[in-house]
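Trainee: Let me begin by handing over the structure; questions about it come next.
The values are calculated or read from the model by the stated rules, or taken from the named source; none is laboratory data. Just so it is clear, the structure is predicted and the values come from calculations on it, not from any experiment. Heads up, the Cβs are rebuilt from the backbone with ideal geometry, glycines too, and the neighbour counts pull from every protein chain shown. The protein model used for the area step is the full one, side chains on, heavy atoms only, and it has no ligands, DNA or RNA in it. Shrake-Rupley method; radii C 1.70, N 1.55, O 1.52, S 1.80 Å.
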Amino acid sequence: GVARAWGFAEPHKDRRRAWAVSGAPPPDGFEPHVLAFVRFPSRVASCTSSPCDEVALWGYGGLQRTLRSRVTGLAYFPLGDRLLTWSDDDVTAIVWDASTGEVASSARHVEPVSFARIFPAGDRMVLRSRLGAYSVVDAVSGDTLSSFDEEPRGTIRVFRGVDTDAALEILRSGERVVTTSGNTWATVWDPLDGSRACTFRGHHMPIISARAFPSGDRVASGGYDRRVSVWNASDCVASVSAVVTDWVTGVAVVQRGTAVATVSSDGSIAVWSATSGRLLHVLEPGTRRPPSLIYGVRAFPKGDRLVTFTWGEAVVWSAVAAEAVHFFDSFPNRTRGVAVSPAGDVLVTCNSNDIVAYDGASGSQMFALQAEEVGDGELIAHRDLCLVDVAPSAALDPLGLGVGATWRELVDTASA
């Protein structure tokens, strides 16, 4: 995923010869100097079934390598240099080197791992079991640093067909962990010693989704009671609450923390003020597909856009202008997973047939990977979601050429 650029110049007595990118040396007789780093799409990790026995790591040009391991979940570390995988029938979570495909470290949980999150600094991970046991582990050594259990213990609710990754959140500072576990309450924990900081009890039916604000001081939650709540992470006291049209399948924090977007089981999408609870926008589903259950929602890093996915399509919306920006059609296949890169420059959708990367700004397709290249493509009914995550972009684009710039465009722009 690294572009190499060679420049040609007359020899100069004080010119420093420098080579800023790894790999093969420049051609014989050329004096290199760096013209630019051309932005290529980020690495993408994917499985077209869950569980799957093979994780595909791919980027510009297609499949790069595969990791052979049974997986029901995966996530890139913040720098994109490592990949975390886990399986709900195994107590071990594995950290892979994203460049070599080798195992970097592993961590053992007390029970099979049903979900995991990586701390913002990339130094720790929190592992969750289906019975509500949690462990905070060191990402390098795999040592358990603290542990805590939901009370009463019991099987965590999994809502079929709905994106359930929003049941475990880590605040931006890394000082608190928020869990919902499909219960009517949400709990804030101290990851250092596993103690309970506070419990939010503002819902009277199971919570499906919870998201932390960028500032790390508040949490937005929604669930079966048709209610979205904004509450303080310090004392679990609600500051804002609003009633939506149907049970909430997902929430996202948008507009730099000033608003909350909700998606509901009736297909409605709304944006609410995070300070007053006032309805700001209702996003029209459009005419391409009839309204249906929306499986999940993701906010872009800047909070100006969000992406929803449902049967047959994924849609990128403007959270400010309240309009659809891009439609990504996968009909008749169900769009079962969506991921946005940390910079918001790459959007990836996946279904049972293919995995497609799009430019996050223009919506143009970068490339696609066919499911037969990474597995049989058959989805397990109880999970109903495929697995996909995007690493940070590997390089910069100071000349503003964008993805897919040709060598001639690079030289012409640099010369100008």
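Each row is one residue, and each column tells you yes or no for (1) open to solvent by less than 40 Å² (accessible area, probe 1.4 Å); (2) more than 20 Å from Leu57 (Cβ to Cβ); (3) β-branched (Val, Ile, Thr); (4) modelled with pLDDT under 60.
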position: Ser341; (1), (2), (3), (4): yes, no, no, no
position: Thr349; (1), (2), (3), (4): yes, no, yes, no
position: Ser352; (1), (2), (3), (4): yes, no, no, no
position: Ser364; (1), (2), (3), (4): no, yes, no, no
position: Ala368; (1), (2), (3), (4): no, no, no, no
position: Gly377; (1), (2), (3), (4): yes, no, no, yes
position: Leu396; (1), (2), (3), (4): no, yes, no, yes
position: Leu399; (1), (2), (3), (4): no, yes, no, yes
position: Gly402; (1), (2), (3), (4): yes, yes, no, yes
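Trainee: Here is a list: Thr262, Thr258. Which entry is crowded, with 24+ Cβ neighbours inside 10 Å and within 25 Å of the chain's Cα centre (by Cα)? Step through it out loud before you land on a result.
Mentor: On the way: Thr258 fails: crowded, with 24+ Cβ neighbours inside 10 Å.
Selected residue: Thr262, the only one of Thr262, Thr258 that is crowded, with 24+ Cβ neighbours inside 10 Å and within 25 Å of the chain's Cα centre (by Cα).
Trainee: Next question, about the same structure. State which residue is nearest to Val188 (Cα to Cα) when the search covers only segment 100-122 and only residues that are in contact (Cβ under 8 Å) with a residue 40 or more places away in the chain and outside any strand (DSSP E or B).
Mentor: Step one: of segment 100-122, the residues in contact (Cβ under 8 Å) with a residue 40 or more places away in the chain are 101, 113-122.
From the residues that got through so far, the ones that are outside any strand (DSSP E or B) too are 101, 119-122.
Numbers: Gly101: 35, Phe119: 15, Pro120: 17, Ala121: 19, Gly122: 20 Å.
Among them, the one singled out is Phe119.
Trainee: Any idea how many residues of segment 123-151 are among the hydrophobic types (A, V, I, L, M, F, W, C), part of a strand (DSSP E or B) and farther than 12 Å from Leu84 by Cα? Steps first, please.
Mentor: First pass over segment 123-151, keeping only residues among the hydrophobic types (A, V, I, L, M, F, W, C): 125-127, 131, 133, 136-137, 139-140, 145, 148.
Now narrow it down to the ones that are part of a strand (DSSP E or B): 125-127, 133, 136-137, 145, 148.
If we keep only those that are farther than 12 Å from Leu84 by Cα as well, we get 133, 136-137, 145, 148.
Count: 5.
Trainee: When you go through Ala299, Ala324 one by one, which is the residue that is modelled with pLDDT of 85 or more, over 21 Å from Ser273 (Cβ atoms) and buried (at least 16 other Cβ atoms within 10 Å of the Cβ)?
Mentor: Numbers: Ala299 fails: over 21 Å from Ser273 (Cβ atoms).
Only one candidate passes the filter, namely Ala324.
Trainee: Next up: If you go through segment 232-245, how many residues are within 17 Å of Thr199 (Cβ to Cβ), of a type outside the set (Gly, Ala, Ser) and without any contact (Cβ under 8 Å) to a residue 40 or more places away in the chain? Full working, then the answer.
Mentor: Restricting attention to segment 232-245, the residues satisfying the condition of being within 17 Å of Thr199 (Cβ to Cβ) are 232-239, 241.
If we keep only those that are of a type outside the set (Gly, Ala, Ser) too, we end up with 232, 235-237.
With without any contact (Cβ under 8 Å) to a residue 40 or more places away in the chain added as a condition, the list becomes 232, 235, 237.
Matching residues across segment 232-245 total 3.
Trainee: So is Ser147 of a type in the set (S, T, N, Q), over 30 Å from Ala357 (Cβ atoms) and open to solvent by 60 Å² or more (accessible area, probe 1.4 Å) or not? Full working, then the answer.
Mentor: Values: of a type in the set (S, T, N, Q): yes; over 30 Å from Ala357 (Cβ atoms): yes; open to solvent by 60 Å² or more (accessible area, probe 1.4 Å): yes.
Judged against the criteria, Ser147 is a match.
Trainee: Here's something else I'd like to know. Within segment 99-144, can you find the residues that are among the charged types (D, E, K, R), buried (at least 16 other Cβ atoms within 10 Å of the Cβ) and within 20 Å of the chain's Cα centre (by Cα)?
Mentor: Across segment 99-144, the qualifying residues are Arg117, Arg124, Arg128.
Per-residue answers, yes or no, for (1) surrounded by fewer than 18 Cβ atoms within 10 Å (Cβ to Cβ); (2) modelled with pLDDT of 65 or more; (3) part of a strand (DSSP E or B); (4) not aromatic (Phe, Trp, Tyr):
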| site | (1), (2), (3), (4) |
| --- | --- |
| Phe30 | yes, no, no, no |
| His33 | yes, no, no, yes |
| Ala36 | no, no, no, yes |
| Phe40 | no, no, no, no |
| Ser50 | no, no, no, yes |
| Ala56 | no, yes, yes, yes |
| Arg65 | yes, yes, yes, yes |
| Arg68 | yes, yes, yes, yes |
| Ala75 | no, yes, yes, yes |
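Trainee: Filtering segment 327-339 down to residues that are part of a strand (DSSP E or B) and touching a Phe, Trp or Tyr at 6+ places or on another chain (Cβ under 8 Å), which residue is modelled with the lowest pLDDT? Full working, then the answer.
Mentor: Let us first name the residues in segment 327-339 that are part of a strand (DSSP E or B), namely 327-329, 337-339.
With the extra rule that they be touching a Phe, Trp or Tyr at 6+ places or on another chain (Cβ under 8 Å), the set shrinks to 328, 337-338.
Details: Phe328: 84, Gly337: 76, Val338: 83.
Across segment 327-339, the extreme among qualifying residues is Gly337.
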